[in-house]
Amino acid sequence: MSKSESIPRLLDSFTEKWSPRLVAAVNDHHVKVAKVDGEFIWHSHPNSDELFYLLAGKLTIELEGLDDVVMQVGDMFVVPKGVRHRPVAEEASIMMVEHESTINTGDETSSERTKQVEDARGQY
């Protein structure tokens, strides 16, 4: 059975920051949304690229040894696999597309920021 999903309604349903919610699976990739604020940790994803799409707020992707990427609402940016990065946000909502095996903190798996992704498919 097919039905559309309301991303704004899903985002309105929770307040936790840096806790991604799974909204779709496409082949072997997951589409996730999250509310973010402040600095995340430096990390990399050695085996997969990571796509960020800014839904609301302000987001900067700091890249180790490279220029920061300052995003505006509606902007998309892909962090290449293996590049150390750190998202820094001001009350933002983001959508991410990542390989299904991706851990939110990448190679920093023992961080207090490491979260299990909550499956929110079909809730809204």
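The values are calculated or read from the model by the stated rules, or taken from the named source; none is laboratory data. The structure displayed is predicted, hence computed values, not measured ones. As a convention, Cβ positions derive from the backbone with ideal geometry for all residues, glycine included, and neighbour counts pool all protein chains shown.
Quick look at the values:
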read-out	value
Test set (1) of a type outside the set (S, T, N, Q); (2) more than 22 Å from I7 (Cβ to Cβ); (3) surrounded by 15 or more Cβ atoms within 10 Å (Cβ to Cβ); (4) touching a residue at least 60 places away in the same chain (Cβ under 8 Å) - V33 fails condition number	(2)
Scope region 4-26; condition outside any strand (DSSP E or B) and either touching a residue at least 24 places away in the same chain (Cβ under 8 Å) or surrounded by 15 or more Cβ atoms within 10 Å (Cβ to Cβ) (or both); matching residues	E5, S6, I7, R9, L10, L11, S13, W18, S19, P20
Residues being assigned to a loop (DSSP other than H, G, I, E, B) and modelled with pLDDT of 95 or more - total across region 84-119	1
Selected residue (criterion: farthest from V23 (Cα to Cα)) from residues of region 65-82 that are buried (at least 16 other Cβ atoms within 10 Å of the Cβ) and in contact (Cβ under 8 Å) with a residue 12 or more places away in the chain	M71
Checking V73 against (1) under 23 Å from R121 (Cα atoms); (2) touching a strand residue (DSSP E or B) at 6+ places or on another chain (Cβ under 6 Å); (3) in a loop (DSSP other than H, G, I, E, B), the condition it does not meet	(1)
Residue check for E62: part of a strand (DSSP E or B), surrounded by 20 or more Cβ atoms within 10 Å (Cβ to Cβ) and of a type in the set (D, E, K, R)	no
Among residues of region 90-113, those that are farther than 16 Å from H30 by Cβ and out of contact with any helix residue (DSSP H, G or I) (no Cβ under 7 Å at 6 or more places or on another chain), counted	10
Residue check, A56 of a type in the set (A, V, I, L, M), modelled with pLDDT of 95 or more, surrounded by fewer than 17 Cβ atoms within 10 Å (Cβ to Cβ) and part of a strand (DSSP E or B)	yes
